[in-house]
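In what follows, a single structure is set out as structure tokens and then discussed.
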Amino acid sequence: MRPPRYLTKSRFKLAAECPTKLFYTGKPHLYRNLKQEDSFLAMLADGGYQVGELAKCFYPAGIEISFLNSAEAEAQTQALLKQDQVVLFEPAIRFNDYLVRVDILVKDGNHFQLIEVKAKSYNSSAPEIVGARGDLLSDMRPYIEDVAFQAFVLRSFWPQATVKCFLMMPDKSVRAPVSGLNQLFKIERANGRSKVRASAQAQQAVQAFQDVGVKALLALVPVDEYVHRVMQDGVKSLGVKEPLPDLAARWAAAYKADQKIEPSPGSQCGKCEFKTRPGDTLQSGFYECWGKKYGLSPSQIDEGTVLDIYYLNASVKDRLIRDARVRLRPEVVGTDAIKVKDEGPHLSLSERQWMQVNGIPAAENLGGIWLADGVIREAMRTWQYPYHFIDFETSTVAIPFHAGMRPYEAVAFQFSHHVMQADGSLAHVGEFLLTDPVVFPNFEFARALKAELEGDGGYGVHVEPA
């Protein structure tokens, strides 16, 4: 028997990005999903798990719904909700074909606090949720719509409920009162899944905030006003706002029936995760959408589309895509989309864009490379040998390592130092690496870098990590 296919909060968010993605998601043996294989996104997810565990420490009486199976989780949730007062972590709330696992749900009779925990940074001293034009900021909208969907499901499941909605996020205006907080939430991996295990001292560390009289490192932000706005104005999907109940019903029905919603290509397709690599044995959802819409083969798409044009305005891309002018050819894109501006020896943005479409001019083509040769040589005449190349690594984490640090404050912990002489010879001459989690590395990093560079008047170059 096929397991039930529910519209969850992650699938709701995915559909808001592009409803067609509902057909591709959850089919790892059929469609490639690059987000599932992105190590940077995995690292961000790990940070999110740590924030989630820290949030639970603020509710010591909370009960975790640990079942992964939705039916078992739902049964345990309903049994616990019979209590008049209870705090639940990851309760499974289902109504019809909607299922949400709420991060933290606080029940007091018929009054509920619905708390969505996010690793996104927030500044309680200068909050930014609504823009100058009065609409939700684009980076906050997905979080507010996520909470709105959860509240919609909870109110449908429990009609007599009074629901207050919150986001809980790392507060960049607060400094950690203790060191070692991050290390109290260890990330463990097993069977392809990440789990954070909080140490016995984690609860004591949270108590330390209250003891020294500072605000919690995680801000509890009321968002009822913004949730109401979403319910009133609609959820934004593919640039158009529609009522949340209507979209949820349409998306849930399509997902339950495993039916593909007709693609509506646009600039958002540039970020589509359902793409394949050369020689891939899995299928590409992106190829399917664009192939059907524009009659293009995978090889024709691989030759380049307007999605590939460097920093081309999204509205211009959308217009070209809407007009089916998608291939990377000068007669297709046209100079009405890219108005070339000549900036002399320097390469303007529009010139760079047009080179992608029309190719590098033959007289300036250095084997597939365009180089502002004269500009670079003029700049290099002011440089002094030896050249110093510095490759360094930093870390920005939601839960600080050291007392006095704010969430996402940078920690510099490693560099390597190479030197190029006037004869072109290159040598690795120094490095720095501090891995002791107890020691704040930034000052030692700066001292070591100063010692490496103070021996001559050479020119320094920062090398971006690969």
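The values are calculated or read from the model by the stated rules, or taken from the named source; none is laboratory data. If you're wondering where the values come from, they're calculated on a predicted model, not measured in any experiment. As a convention, Cβ positions derive from the backbone with ideal geometry for all residues, glycine included, and neighbour counts pool all protein chains shown. The protein model used for the area step is the full one, side chains on, heavy atoms only, and it has no ligands, DNA or RNA in it. Shrake-Rupley method; radii C 1.70, N 1.55, O 1.52, S 1.80 Å.
Residues being closer than 27 Å to Gly26 by Cα, touching an Asp or Glu at 6+ places or on another chain (Cβ under 8 Å) and open to solvent by 40 Å² or more (accessible area, probe 1.4 Å) are entirely absent from the stretch 225-234.
For the structure I just gave you, tell me whether Arg189 is charged (D, E, K, R) and over 26 Å from Lys107 (Cβ atoms). The answer is yes for Arg189. The number of residues in the stretch 417-435 being within 29 Å of the chain's Cα centre (by Cα) and part of a strand (DSSP E or B) comes to 1.
Restricting Phe67, Phe23, Phe112 to those that are in contact (Cβ under 8 Å) with a residue 40 or more places away in the chain and open to solvent by 30 Å² or more (accessible area, probe 1.4 Å) reduces the list to Phe23. For Leu7, indicate whether it is within 21 Å of Ala252 (Cα to Cα), more than 19 Å from the chain's Cα centre (by Cα) and touching a residue at least 60 places away in the same chain (Cβ under 8 Å). Judged against the criteria, Leu7 is a match. Consider Gln414 carefully, then state whether it is among the polar types (S, T, N, Q) and either within 29 Å of the chain's Cα centre (by Cα) or under 19 Å from Pro170 (Cα atoms) (or both). Against the criterion (among the polar types (S, T, N, Q) and either within 29 Å of the chain's Cα centre (by Cα) or under 19 Å from Pro170 (Cα atoms) (or both)), Gln414 qualifies. When the stretch 351-383 is filtered for residues that are closer than 30 Å to Val326 by Cα, polar (S, T, N, Q) and either in contact (Cβ under 8 Å) with a residue 60 or more places away in the chain or not in a helix (DSSP H, G or I) (or both), only Asn365 remains. When the stretch 149-173 is filtered for residues that are out of contact with any helix residue (DSSP H, G or I) (no Cβ under 9 Å at 6 or more places or on another chain) and either under 14 Å from Val223 (Cα atoms) or aromatic (Phe, Trp, Tyr) (or both), the ones remaining, listed by number, are Phe157, Trp158. Please return the ranges of strands (runs of 3 or more DSSP E) entirely within the stretch 48-149 where 1 or more residues are farther than 30 Å from Ala205 by Cα. Ranges flagged: 92-95, 98-101. In a residue-by-residue description of the stretch 311-322, the property of being closer than 21 Å to Glu262 by Cβ and in contact with a strand residue (DSSP E or B) (Cβ under 7 Å, 6 or more places away or on another chain) applies to no position. Summed over the stretch 384-409, the residues that are under 19 Å from Lys450 (Cα atoms) and either touching a residue at least 40 places away in the same chain (Cβ under 8 Å) or assigned to a loop (DSSP other than H, G, I, E, B) (or both) give a count of 10.
The residue of the stretch 324-350 that is surrounded by the fewest Cβ atoms within 10 Å (Cβ to Cβ), among those that are assigned to a loop (DSSP other than H, G, I, E, B) and of a type in the set (A, V, I, L, M), is Ala324. Thr281: of a type in the set (Ser, Thr, Tyr), under 24 Å from Leu30 (Cα atoms) and in contact with a Leu (Cβ under 9 Å, 6 or more places away or on another chain), yes or no? No: the conditions fail for Thr281. Could you please let me know if Val438 is open to solvent by 60 Å² or more (accessible area, probe 1.4 Å), in contact (Cβ under 8 Å) with a residue 12 or more places away in the chain and part of a loop (DSSP other than H, G, I, E, B)? Judged against the criteria, Val438 is a match. Selection over the stretch 295-310 of residues that are in contact with a strand residue (DSSP E or B) (Cβ under 8 Å, 6 or more places away or on another chain), within 22 Å of Tyr24 (Cβ to Cβ) and in a loop (DSSP other than H, G, I, E, B) gives a count of 1. Just name the residue that is nearest to the chain's Cα centre (by Cα) out of those in the stretch 296-323 that are loosely packed, with under 12 Cβ neighbours inside 10 Å and among the small types (Gly, Ala, Ser). If we take residues in the stretch 296-323 being loosely packed, with under 12 Cβ neighbours inside 10 Å and among the small types (Gly, Ala, Ser), then Ser315 is nearest to the chain's Cα centre (by Cα). Number of residues in the stretch 169-195 that are assigned to a strand (DSSP E or B), of a type in the set (A, V, I, L, M, F, W, C), under 27 Å from Ala410 (Cβ atoms) and open to solvent by 10 Å² or more (accessible area, probe 1.4 Å) equals 1. Residues in the stretch 81-93 that are under 27 Å from the mean Cα position of the chain (by Cα) and open to solvent by 50 Å² or more (accessible area, probe 1.4 Å): Glu90 alone. Going by the conditions given, is Gln414 farther than 30 Å from Leu54 by Cβ and modelled with pLDDT of 90 or more? Against the criterion (farther than 30 Å from Leu54 by Cβ and modelled with pLDDT of 90 or more), Gln414 does not qualify.
Scanning the stretch 345-400 for residues being under 30 Å from Phe413 (Cβ atoms) and within 33 Å of the chain's Cα centre (by Cα) gives a total of 12. Of everything listed in (1) within 21 Å of Ala15 (Cα to Cα); (2) modelled with pLDDT of 95 or more, the single unmet condition for Asp135 is (2).
What's the total number of residues in the stretch 357-369 that are open to solvent by less than 60 Å² (accessible area, probe 1.4 Å) and either at negative phi or in contact with an Asp or Glu (Cβ under 9 Å, 6 or more places away or on another chain) (or both)? Of the residues in the stretch 357-369, 3 are open to solvent by less than 60 Å² (accessible area, probe 1.4 Å) and either at negative phi or in contact with an Asp or Glu (Cβ under 9 Å, 6 or more places away or on another chain) (or both). If I filter the stretch 257-268 for residues that are under 25 Å from Arg94 (Cβ atoms), modelled with pLDDT of 95 or more and either surrounded by 13 or more Cβ atoms within 10 Å (Cβ to Cβ) or touching a strand residue (DSSP E or B) at 6+ places or on another chain (Cβ under 6 Å) (or both), do I get at least one hit? Within the stretch 257-268 (the criterion being under 25 Å from Arg94 (Cβ atoms), modelled with pLDDT of 95 or more and either surrounded by 13 or more Cβ atoms within 10 Å (Cβ to Cβ) or touching a strand residue (DSSP E or B) at 6+ places or on another chain (Cβ under 6 Å) (or both)), the answer is yes, since at least one residue qualifies.
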